[in-house]
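Structure, as structure tokens:
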């Protein structure tokens, strides 16, 4: 069930104030306060519906799954303005005023409202993982396990460049959502994945790859809103946990969480080499940091596809023995 928290007079990082900011969320599994809490952050076109009917992470979260709802409380917030509440009045038009740091702050305010002061884990892929990084910096002593997947702690020049292309399409195309999605899908997959799947086949003189891309564009157009897409895309560009702070190592050295970096070897968006370098740097100041890599031809979207590998990586973190160490906040 979708629930709502209202934040009043919320101060943005740029100094502006939002008088009314609704925060929608869902909970799954055990009741809040009775079990270890796992916060799941959704990706760019995702939402709080992480498990159950139409749950986008059903392969990981649910009864007897790796993140077992018999043993954990799952809390998933919707990024404000993502449109999942279906109320057009809650969309955000001034999207360039918001940053990932703002969203991370909003999520913490939501957790504190729910009387949650400690969490077992914050996990998220892509945009959700970037928000998780920022949440760990804002509250360095409140997370036991930080799990950023297929993401990074900063927006590289490559990410910033692609955000600009997406923004240009969204603001200038006659069919903005569908057209932007065409470009995005080619960032989320690889040439090897595309070529292996479609093999230059066609029907009625139309290549199957063209139909596949067009269908993805139309599906997103039917379930996503333009203002939401503009905001989510823009947030990616604002990702930088060191902005207006000390250097990266000084910032992460304050994080007490065990940090589990998970990348995809063929990710063309948040490339594995960047995550490998982050891991090498982290190891110079922290012991409780770990690196794992999903092997896949599918690229960035592998974190939504390669569930066998992801389950194996996450199993040591979420095994049920962890619940024995739970102390109520």
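Each value in this text was obtained by applying a stated rule to the coordinates, not by laboratory testing. Quick caveat, the model's predicted, so the values are computed rather than measured. Here the Cβ is made from the backbone with ideal geometry for all residues, glycine too, and neighbour counts use every protein chain on show.
For the stretch 143-298, how big is the tail of P(r) above 23 Å, as a whole percent of Cα pairs?
On the way: 5979 of 12090 pairs.
Value for the stretch 143-298 (Cα pairs over 23 Å): 49 percent.
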- [ ] Alpha carbons only, please: Rg and Dmax for the stretch 144-217, in angstrom.
- [x] 15.6, 55
Task: Residue list for the stretch 195-229, given a label point 7 angstrom along the Cα-to-Cβ vector of residue 186 and an amide N cut-off under 13 Å - done: 195, 209-210, 213-214
Open item on the list: Kirkwood hydrodynamic radius, computed over distinct alpha-carbon pairs, for the stretch 184-257: how many Å, to one decimal?
Closed with: 16.2
Open item on the list: I want to verify a result. In a Gaussian network model of the chain, Cα cutoff 10 Å, which of these has the top mean-square fluctuation: 252, 159, 18?
Closed with: 18
Open item on the list: What distance in nm lies between label points placed 7 Å from Cα along the C-beta direction at residue 70 and residue 32?
Closed with: 2.6
Open item on the list: Relative contact order of the chain, please, whole-number percent, based on alpha carbon pairs below 8 angstrom and at least 6 residues apart.
Closed with: 19
- [ ] Return the single residue from 310, 114, 282 with maximal mean-square fluctuation; model: Gaussian network over the chain, springs between Cα atoms under 10 Å.
- [x] 114
- [ ] Taking only Cα atoms and a 10 Å spring cutoff, compute GNM fluctuations for the chain and point out the largest among 73, 45, 284.
- [x] 284
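Let me have the 222 nm mean residue ellipticity of the chain computed from DSSP H runs of 4+ only, each contributing -39500 (n - 2.57), with the sum over all residues rounded to the nearest 500.
Values: 10 runs with 119 residues, N = 329.
Calculated mean residue ellipticity at 222 nm is -11000 deg cm²/dmol.
On a full-extension model of 0.36 nm per residue, what is the gain between residue 89 and residue 8, subtracting their alpha-carbon distance, rounded to one decimal in nm? Walk me through the intermediate numbers first.
Numbers: separation 81, 0.36 × 81 = 29.16 nm, distance 1.57 nm.
Length gained, residue 89 through residue 8: 27.6 nm.
With all pairs of different alpha carbon atoms counted, what Kirkwood hydrodynamic radius in Å does the chain show? Don't skip to the answer; put the middle values down first.
Numbers: mean 1/r = 0.0493 Å⁻¹.
By the Kirkwood definition, the hydrodynamic radius is 20.3 Å.
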Task: Euclidean distance between Cα centres, the stretch 236-264 to the stretch 7-40, Å - done: 21
Open item on the list: Cα atoms only: what Rg and Dmax, in Å, come out for the stretch 1-137?
Closed with: 14.4, 45
TODO: Report the dimensions of the stretch 98-169 along its three principal axes from the alpha-carbon atoms, largest first, rounded to Å.
DONE: 41, 21, 15
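Only bridges whose two residues both fall in the chain count here: according to DSSP, what percent of them are antiparallel, nearest 5?
Values: 16 of 40 bridges.
If we restrict to bridges inside the chain, about 40 percent are antiparallel.
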- [ ] Round to a whole angstrom and tell me the spacing of the C-alpha centers of the stretch 42-72 and the stretch 173-232.
- [x] 25
TODO: Give me the distance in nm between label points sitting 7 Å out from Cα along the Cα-to-Cβ direction at residue 154 and residue 284, one decimal.
DONE: 1.3
